[in-house]
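What follows is one structure encoded as structure tokens, with my remarks underneath.
The values are calculated or read from the model by the stated rules, or taken from the named source; none is laboratory data. In this text, all values refer to a predicted model and were calculated from it rather than measured experimentally. Every residue, glycine among them, receives a Cβ derived from its backbone with ideal geometry; neighbour counts consider all protein chains shown.
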Amino acid sequence: MPDRDAVDLSFLLNQAAYALEARLGSALAEVGISVRDYCVLMKSAGVERTQNEVAELAGLDKTTMVVTLDRLEQAGLVQRRVSDLDRRARIVTVTQAGLGVYERARLVVDATNHEVLTSLGAADRTGLVRGLGQLTSGEGLLSAPSHVAPLRRKQVRTELVRNGSVSTV
């Protein structure tokens with residue numbers, strides 16, 4: 001029999017994440033970028049990273065990353081160039097215009113986060129931030145990146161065949 005007093009943690013975290021993303025999206029629209037655009041600018045600003053490294057840090061698949069970078073590049077906010085170390089890799093560089101947009105967007109994000117967090121009392125705010133930090137960092141139970149994809153059926157079969165668990169005959 002289910003415990004009627006049990007907390008639906010998944011629902012609460014998902015609801016909070018979706019609502020925060022919607023709030024950030026509305027606020028960032030005033031700067032002319034999306035939450036995804038902001039995330040890519042944030043992961044790329046001031047450092048030299050490949051397109052794949054930025055995608056991994058931002059939790060984006062390759063297709064979504066390419067579409068996002070195409071849009072940012074057309075807006076003059078980023079540039080891509082071939083890596084000096086690996087001609088197959090593309091380095092993402094945030095332009096001066098992109099840095100300006102990123103700085104304005106960072107202020108908007110900071111203000112939105114402040115607004116959300118200050119809607120809680122001081123003790124609740126401190127507890128929420130501390131608890132989420134503990135769960136998602138280091139050895140926390142939720143520290144595995146959310147964008148790590150589960151193995152697909154073909155990958156699972158390949159692993160089973162490689163390990164001798166499945167006959168190929």
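Which number in (1) in contact (Cβ under 8 Å) with a residue 12 or more places away in the chain; (2) farther than 18 Å from Gly98 by Cα; (3) among the acidic types (Asp, Glu) marks the one condition that Asp37 misses? Asp37 satisfies every listed condition except (2).
Hey, can you tell me all the residues within the range 31-74 that are over 24 Å from Asp110 (Cβ atoms), assigned to a helix (DSSP H, G or I) and of a type in the set (D, E, K, R)? Scanning the range 31-74 gives Glu53, Glu56, Lys62, Asp70, Glu73. Restricting attention to the range 1-30, the residues being outside any helix (DSSP H, G or I) and surrounded by 10 or more Cβ atoms within 10 Å (Cβ to Cβ) number 1. Restricting Val78, Val82, Val92 to residues that are in contact with a Lys or Arg (Cβ under 8 Å, 6 or more places away or on another chain), crowded, with 17+ Cβ neighbours inside 10 Å, more than 14 Å from Val31 (Cβ to Cβ) and not basic (Lys, Arg) narrows the list to Val92.
Here is the figure for the range 40-67: residues that are buried (at least 19 other Cβ atoms within 10 Å of the Cβ) and within 10 Å of the chain's Cα centre (by Cα) total 6. Evaluate the following for Asp70: is it acidic (Asp, Glu), in contact with a helix residue (DSSP H, G or I) (Cβ under 9 Å, 6 or more places away or on another chain) and either loosely packed, with under 13 Cβ neighbours inside 10 Å or modelled with pLDDT under 95 (or both)? The answer is no for Asp70. In the range 76-90 there is no residue matching the filter, namely being under 19 Å from Leu20 (Cβ atoms), outside any helix (DSSP H, G or I) and not aliphatic (A, V, I, L, M).
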